[in-house]
Structures are given as structure tokens and as C-alpha cells.
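Note sheet for the following structure.
Read-outs: derived from the displayed coordinates by stated rules, not from any lab. These numbers were taken from a predicted model, which means no experiment stands behind them. No Cβ is skipped: glycine too gets one built from the backbone with ideal geometry, and neighbour counts run over all protein chains shown.
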Amino acid sequence: MRVSDIKYTVLSWTSLLVILIFVLVPFQGFLTVWASSLVGHYTAVRLWDDVVLLLVILGSVYLLFTDKKIRFNTLSRRLVWVILGYIFLSLALGLVSFLDKDVTGKAVLYGLLINLRYLAFFLVTWCVALRISRLRRHWPTFVLWPAVVVVAFGLLQIFVLPHDFLRHFGYGPNTIPVIETVNSNAKYVRIPSTLRGANPLGAYLIIPISILAVFLVRPKKTLKHIALFVGAVITLFYTYSRSALFGAFVSVVIVVFTAKLSEKTLKLSAVVVCILVIAGGIFYSLDKNNAGVQNLVLHTQKNSVVKTTSDQNHESNLKIGVKQLIREPLGRGPGTAGPASVYNNNARIAENYYVQIGQEVGWLGLVLFLLINVGVGYLLWLRRDDPLALALFASLIGISIVNMFSHAWADDTLAYTWWGLAGIAMAPDKTNGTDHAKKT
């Protein structure tokens, strides 16, 4: 078999595995719990997407060595070298921390996995999209159709299904809680749909909402787009995730004011946004003693049985995390903070992804991570004439808001979907002209 034939086979299979991750990862929570209820080994089953990622990485490394175009369009970018530097720093600090016995083996491996897998997927999809057009052509299909299922199931949970329906599929104390509520109040049940919980669902929905917002401000919008947008917003509301609701709102506003709309439409949009903000403020001021407002906005209630509110816990955890970040400029290594730290003797949950990164890889690692975010955002902004790039730019800002209040990038669905799409957006879109950022 010729080298060109091998390369084509590797490229084809790698792209199919990439699409497989896109299509299945929105159902990660549901599928892993259900499968583990049938065969056991919950932790191992949860890693299916990471095993697929490993295969994709191997294929991409082969393509990188054998394809000049891929090498030129990736290794010539400063952004790629910043990402590789961040990965190397994380691996080095993880090894040092493990050798010093500051972290358990399981914690450091899990910490490295959840911190680096989405950056690896970003690079992989970038490489593949440079050489095969199906990712560029069909991304709305393998992103929005799974979103249709997630939203439809979420709406069923809201209006039709009993709240404990998912217990039939293995949900429970050892996997994913059957029911989440606001402030332990059964009147306010939070919807997880097929994801790992209400907060991950809320963060994930920012992506399809942003994409649909871009479609809706353009001439070729359809009733299907409008229906899915409305359904996604309703589902997002019933997650009762305040950060996700605010992040989605900011994302949509960015889309509206970035899109090339008429001056009249922009002025009307500005008036509508102002009215909504003012009305929301007046509503809260006049009715802040209402139980519904207290639960939905404040996540607390005067006569609540919960002694400590979620806001109080968040503030306390954040203060502790910031103090640790300031005291330890070198960090303690991956796995010593965030979700992975539960596998150590002392968990450190700052409820802020950026503080978590600083706790783990220090000030240098945090600066590199922020540079990666700014660099990707800048490249997306340069490509904003492309609907995908505009949606991702807006949603990056929205999701960044969510990360100020949670460890959002640690969730498989959100991380793989957003960063995978960002990798696709890095490849030149032949339908919208050439690349706009050749040396960034």
C-alpha cells in the first residue's frame, strides 16, 4: 500500500472518530450511567470518549509527520506553541507533584486528563479540518441534531416525565443524582436532560443557542431554527443555572451587535435589551421577598431548611482558593485542585476554573491558559464573517462567565463540543474566503 493510501485511510478514520465524539458526547451522562447499570465499571465506562480521543491523537500525529500542509498551518502558529508549552508544563508539574507525594496517582492522572483533553481535541480537529472538508461542510448536522435530542428530552423532563424517571437507567447516589433541586426545595427541580447535571446542561446549551442566534440574525433562518432556539432557551431556564442564563444572554447580545444588521434593527435590539435589564431590576426590587424570586435568583429562601446558601459556599470557597493561589505561585500540580482533587485526602474546590488552574499549575500556567483563551478568541474574531466562528466567539465569552462560578471546562460534553468546533473554525472556510490570521 502506498504512503498516500495509508494517509488517506488514517485521515478518513480519524475524521469519523472525531464526528463520533461530537455526536455521542452530548449523551455522555445518560449513556455511561445506563451502560454501567448493565455491565458495571462506571468509572471505566465514563472514559470511552477519552479512549477514542487517544486513537484520534495517534492518527493526527501520523498526519502531522506525513502531511506538509498540516505541519505548515499548525506548527507555524504561535498559539499552537503556547498550547504545547502549557501541556508540557502541566505534565512536568504533575510528575513532580506525584513524586513528592502531594497528590495520589488517580488524582494526578484525572487532573491531567480533564485539563488537557479538550486542548488536544482542539489541535486534532484543526489538523483534520485542514485536509478533509466534511467537518467544515457538515458541522451543523453533527452538532445541532444531538442538541435537538438533548433539548427534546429536557422538555419532556420539564412537562411530561416524572422527576425520578432517570432512576430506571441507573441514576442514583453512586452515579448521577436522580433529582437536583434549588435550595433543597422540591418545587424547583433542575433539569439535567442527558448530561451529567443541570449546571453542565446549562453551560452546554450556550453553544447551540449561540449558533442558532447567528442563524436567526441572517437571512436564511428557518422555522426549525426558531423552534430549536425557543426550546433550548426554555430548557436552559429550567436548569436554574444563573451563570449559564447570564452567559447565554451575553452571548446572544454579542451575536446581535456583531452581526451585520441594519442600523434600525440594532437600535431596536438595544432598546429591547435595555428594557429587559431595567424590567428585571424593577421586578427583583419590588418582589425580592417572593419565594420564587428568592429561589430562582438568589438560590435561597428566608424559611429554608438549608443553613448555608450556595452563594455563601461559593464566596467562601473562592476566597480560600484565591489565598492559596497568591501564596503558592508555582502551584501544587494537576489533580491538587478542582474535580480531580476529590481523589486526594483534601479536596480543593474553588468553584472558579481560572483559580483552579492557578492552584494547579501556578501563575505561569494560568498566564499560558489565559493566553490560549485570548488567542483562540482573537482568531475567531478575525473569522467572524463565518457563522461558526462568530457563534464560538460569542459563546466563549458566555462560557468564560460560567467558568467564573464553576469548573465548566471539566465537563466532557461542553469541553469536547466547544473546543472541537473551535479547531474546525481554525481551518480556512473556502465558502467565505481565505484565512484571516496566517501568523497568529
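Brief remarks follow.
- Val39-Leu95 FRET efficiency (beta carbon distance; Förster radius 30 Å; 0.05 resolution): 0.35
- Signed unit charges on C-beta, dipole axis of region 3-426, positive-most listed residue Asn313, Trp409, Pro173: Trp409
- Net charge dipole size for region 3-426 [Lys, Arg +1 and Asp, Glu -1 on Cβ; Debye, nearest 20]: 860 debye
- Look at the alpha carbon pairs under 8 Å that are at least 6 residues apart: their mean separation over the length of region 3-426 gives a relative contact order of 25 percent.
- Placing R0 at 56 angstrom, the Cβ-Cβ distance between Arg71 and Thr222 gives a FRET efficiency of 0.90 after rounding to 0.05.
- Note on region 1-42: Cα-only Rg and Dmax are 15.9, 46 Å.
- Residues whose amide H falls under 5 Å from that of Arg190, counting only those 5 or more places apart or on a different chain, are Glu180, Thr181, Val182, with hydrogens built in the peptide plane.
- Judged by the mean number of other Cβ atoms found within 10 Å, the most tightly packed of the peptides 191-202, 371-382, 220-231 leads the ranking 191-202, 371-382, 220-231.
- Placing R0 at 25 angstrom, the Cβ-Cβ distance between Trp13 and Thr181 gives a FRET efficiency of 0.05 after rounding to 0.05.
- Gyration tensor verdict on region 3-426 (Cα atoms; rounded if a/c is under 1.5, prolate if a/b is larger than b/c, oblate otherwise): rounded
- Cα gyration tensor shape for region 1-125, rounded if a/c is under 1.5, else prolate or oblate: oblate
- Cα-based Rg / Dmax (Å) for region 319-390: 15.2, 49
- Centroid-to-centroid separation of region 85-107 and region 356-370 [C-alpha atoms, Å]: 13 Å
- Database remark: amide H of Gly331 closer than 5 angstrom to the amide H of Gly362, Trp363 (H placed geometrically; neighbours at sequence offset of 5 or more, or on other chains; Pro and chain starts carry no H).
- Among complete DSSP H helices in the chain, those whose alpha-carbon atoms stretch at least 18 Å along the helix's long axis and whose mean Kyte-Doolittle hydropathy reaches 0.5 are 3-24, 48-66, 78-99, 105-131, 134-159, 198-216, 223-237, 242-258, 263-287, 353-382, 387-403, 412-426.
- Per-residue HN-Hα couplings for region 187-197 [Karplus 6.51, -1.76, 1.60; θ = phi - 60°; Hz; x = Gly/Pro]: 6, 10, 7, 8, 8, x, 6, 9, 8, 7, x
- A simple spin-label model places the labels of Asn373 and Val148 3.4 nm from each other, with each point 7 Å out along Cα-to-Cβ.
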